[in-house]
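Shown next, in structure tokens, is the structure this report addresses.
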Amino acid sequence: PDEAESAALLGQVLFRAGRFDEVDILLSPLEESPEAPPRLLLTLARLRYAQGRGAESAALLRRALESAPEDRWLLYWAADVATSRAQTVELLQRYLELSEGDDEDRIEDARGTLRVLEELGERKVWIPLERPESFELPLRHVWDETTGETIGYVVRAAAGEKGKAVRLLLDTGNHGLYVIHRLARKGGFIPLGEATTYGGGGERKHTVDRGVFPTFALGGLKYGDALVTSTDEEVEATGRFHGLLGLSPFGGYRVTLDLDEKRMRLDWDAEPLEGEPYWVVAGQILVRARAAGGEPGLFLFDTGAMRSLLSADYAGRLERAVFRSAANVQGLGGQYAGTRVVENVSMEFQGVRGEGPLIAVDNSVRSRATGVEISGNLGLELLGGKRIVIDTRSQTIRVSE
């Protein structure tokens, strides 16, 4: 039992550090033991969920909760991998009953999530109305007219019964759908409640509205009651796009982004992709990558970032890095804190190498809220113009010239 408790503690540390392979090696041999500590089981459940192995995650989660129904740490993180909306609500309610004295950001996050889920009730979201086997969408290339740098790639969608046209930046660093208020209202946005989100810039956190579009369409793909996040915060000053679109509406498809030819193709019955794995933690697509000359780390795969970002901690461990002046980097929550230009460093992923300089940011809030150390974001100085294939079923990804 003492060894199992030690393994459980070490497993938590390794998971927090993003060393998922080592978590698997350490904890998997102990998962069938009747003496497996609840936190060991929960850490494995979080790992299986991140790998897309939902049934295994659910079984481990059930055992963990049966063994420690009053462990508030366990309750909070269990809510992130719950098997249903009702279970998430139950876990967050139990956590809040025991939360006095816990981290205030964690408590506020739980309250905000609970408000939205209670407003949703039993209402289904992202209901498929039309789902073609295969289709293509054109992408519009958007760039900074001063520097010539690629800002991103925009896809056109239609929101609401009247089909209000909405231009969305294709942003794999964003979980779902985000649309600014003035466009959301024109698309028939039905508000459900406020929530607090972390990361995306700003000093710490920001408040957003959650609601649904009655209908939402991308080419031939059409959904009812599409869940959407909205605020008054503009995402692009000149109005070339009105929001952000992540990959969650494309679940089940193989997504091919040909950023050179400026088109996106979706295939439902494609063969499993031979590529490298990605993990989904708190809705974020994380891949293992590195800066040239540095150790591997977990990076957010982010087609919404003009340049790759490095966490200040990761950048500080790069021997060849040269830190220059402060940089102005904006996100949804405002300006990133503690930004510095980093020269003599470039990113590498799957044999593709970007060009520096990069930007170092304080990533501590995002990492703490996610529960995993995120070493940075892979941006468009690396990914722009490439061919990116993402298999949402096998959770594999491949990037090539």
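The values are calculated or read from the model by the stated rules, or taken from the named source; none is laboratory data. From a predicted model like this one, the values you see are computed outputs, not experimental measurements. Neighbour counts run over all protein chains shown; Cβ positions are idealised from the backbone, glycine included. Only protein heavy atoms, including side chains, enter the accessible area calculation; ligands, DNA and RNA are left aside. Shrake-Rupley method; radii C 1.70, N 1.55, O 1.52, S 1.80 Å.
Side notes on the structure shown:
Conditions tested, residue by residue: (1) buried (at least 23 other Cβ atoms within 10 Å of the Cβ); (2) in contact with a helix residue (DSSP H, G or I) (Cβ under 7 Å, 6 or more places away or on another chain); (3) part of a strand (DSSP E or B).
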| residue | (1), (2), (3) |
| --- | --- |
| Ala158 | no, no, yes |
| Glu161 | no, no, no |
| Arg182 | no, no, no |
| Gly193 | no, yes, yes |
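- Within region 308-328, considering residues that are without any contact (Cβ under 8 Å) to a residue 24 or more places away in the chain and of a type in the set (S, T, N, Q), the one farthest from Pro357 (Cα to Cα): Asn328
- Selection of first residues in region 173-192 that are within 13 Å of Val235 (Cα to Cα) and hydroxyl-bearing (Ser, Thr, Tyr) and of second residues that are at pLDDT 90 or above and open to solvent by 20 Å² or more (accessible area, probe 1.4 Å), restricted to Cβ pairs under 7 Å at least 6 apart or on distinct chains, gives the following pairs, ordered by first then second residue: Tyr178/Thr229.
- Yes/no for Pro249 being assigned to a loop (DSSP other than H, G, I, E, B), on the phi < 0 side of the Ramachandran plot, of a type outside the set (D, E, K, R) and touching a strand residue (DSSP E or B) at 6+ places or on another chain (Cβ under 8 Å): no
- Annotation note: of Ile388, Ile397, the sole residue that is surrounded by 22 or more Cβ atoms within 10 Å (Cβ to Cβ), β-branched (Val, Ile, Thr) and at pLDDT 90 or above is Ile397.
- One residue stands out in region 218-235 among those that are open to solvent by 20 Å² or more (accessible area, probe 1.4 Å) and assigned to a loop (DSSP other than H, G, I, E, B): the one that is farthest from His141 (Cα to Cα), namely Asp232.
- For region 332-401, the strands (runs of 3 or more DSSP E) that sit wholly inside it and include 1 or more residues that are in contact (Cβ under 8 Å) with a residue 60 or more places away in the chain and not small (Gly, Ala, Ser) are 347-349, 358-361, 376-378, 387-391, 396-400.
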